[in-house]
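The values are calculated or read from the model by the stated rules, or taken from the named source; none is laboratory data. Everything quoted here is computed from the prediction, not taken from an experiment. Reconstructed Cβ throughout: ideal geometry from the backbone, glycine too, with neighbour counts over all protein chains shown. Ligands, DNA and RNA are stripped out before the accessible areas are found, and what is left, the full protein with its side chains, is counted by its heavy atoms. Shrake-Rupley method; radii C 1.70, N 1.55, O 1.52, S 1.80 Å.
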Amino acid sequence: MPAKFAPNKGKKLETAVAGTKYLRLPIKTRLIRPGDELFELLVDYVEPHLLPGDILFISEKVVCITQGRIIHRDEVKTSWLARFLSGKVRNHVGTPQFRGLGHGTAPAMQLLIEEAGYPRTLLAAFISALTRPLGIKGAFYYVVGKQAKSIDCPMSWTIEEFKDYAKRAPADPDGVARKISGRFGVETVIVDANYRGAFSLGKSTNAITETFIRELLADNPAGQDSEMTPFFLVRKV
């Protein structure tokens, strides 16, 4: 196992998907801020570790930061629809299951609406109202789409600098993944991962399936708090 990589707290470097073992190698960085350039960060932190056959996974948060797609929650002008829908989000606040407000805040829901569009959001809310009593979960997010689902507010609970900021969806994540792959010679995935699971927002190739991503990152090896490991390499053992 590479000595220069260490797992984040409570995580493991090694996992198995469909009988094949992989290492998930987190790359620690300094605090990344708006104005930083993504490709410069990749040259500094990632390129020295790359080997042929690696897959590069990048947190969508760092893409959003470097694209300037974060906004202070007080600057978001919320609509009646955002305030209404955010009150319907089941985030288990006040219970042991609580993991964050997410779209249960009006600013986050407003940004989701702006990303998905009002017609699609209204359709999603209607379908959710019909299917939720039947025990069908996730219909709302299926209809609004992955880009809208990836919006988050506040962006981080533990990094003081970002605790009051909302995060929009990354711009052109597929295009960003393809450019990174072309520059560094490894397949690239821009991923949204948390305690509920993981899904891609951008991929350099469709050969990397969503099933593979979900199983590979089921335990969110990059962490969700102040680990500052926005890049990690996936390497077959």
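Brief remarks on what is shown
- Count - residues of region 51-84 that are over 22 Å from the mean Cα position of the chain (by Cα) and either closer than 18 Å to GLU187 by Cα or among the aliphatic types (A, V, I, L, M) (or both): 4
- Note on region 51-65: among residues that are open to solvent by less than 10 Å² (accessible area, probe 1.4 Å) and touching a strand residue (DSSP E or B) at 6+ places or on another chain (Cβ under 7 Å), the one that is farthest from VAL237 (Cα to Cα) is CYS64.
- Single residue of ASN194, ASN206 found to be out of contact with any Gly (no Cβ under 9 Å at 6 or more places or on another chain) and polar (S, T, N, Q): ASN206
- ALA148 vs. criteria touching a strand residue (DSSP E or B) at 6+ places or on another chain (Cβ under 8 Å), within 30 Å of LEU123 (Cβ to Cβ) and either among the small types (Gly, Ala, Ser) or open to solvent by less than 10 Å² (accessible area, probe 1.4 Å) (or both): no
- Of all residues in region 163-181, those that are modelled with pLDDT of 95 or more and of a type in the set (A, V, I, L, M) total 4.
- Selection of first residues in region 52-81 that are closer than 21 Å to ILE113 by Cβ and β-branched (Val, Ile, Thr) and of second residues that are assigned to a loop (DSSP other than H, G, I, E, B) and open to solvent by 30 Å² or more (accessible area, probe 1.4 Å), restricted to Cβ pairs under 9 Å at least 6 apart or on distinct chains, gives the following pairs, ordered by first then second residue: ILE70/PRO34; ILE70/ARG168; ILE71/ARG168.
- Strands (runs of 3 or more DSSP E) (entirely within region 1-86) containing at least 1 residues that are small (Gly, Ala, Ser): 14-17, 55-59
- Qualifying residue in region 169-176 (condition: buried (at least 18 other Cβ atoms within 10 Å of the Cβ) and within 18 Å of LEU50 (Cβ to Cβ)): yes
- Single residue of region 12-37 satisfying the filter (under 19 Å from the mean Cα position of the chain (by Cα) and open to solvent by less than 60 Å² (accessible area, probe 1.4 Å)) that is nearest to VAL176 (Cα to Cα): ASP36
- With respect to the stated conditions, GLY100 is surrounded by 15 or more Cβ atoms within 10 Å (Cβ to Cβ), at positive phi and at pLDDT below 90.
- The set of residues from region 103-122 being assigned to a helix (DSSP H, G or I), surrounded by 22 or more Cβ atoms within 10 Å (Cβ to Cβ) and touching a residue at least 40 places away in the same chain (Cβ under 8 Å) comprises HIS103, PRO107, ALA108, LEU111, THR121.
- Neighbours by Cβ (under 8 Å, 6+ apart or cross-chain): first from region 207-235, closer than 18 Å to ALA177 by Cβ; second open to solvent by 60 Å² or more (accessible area, probe 1.4 Å) and part of a strand (DSSP E or B): ALA207/GLU187; ILE208/GLU187
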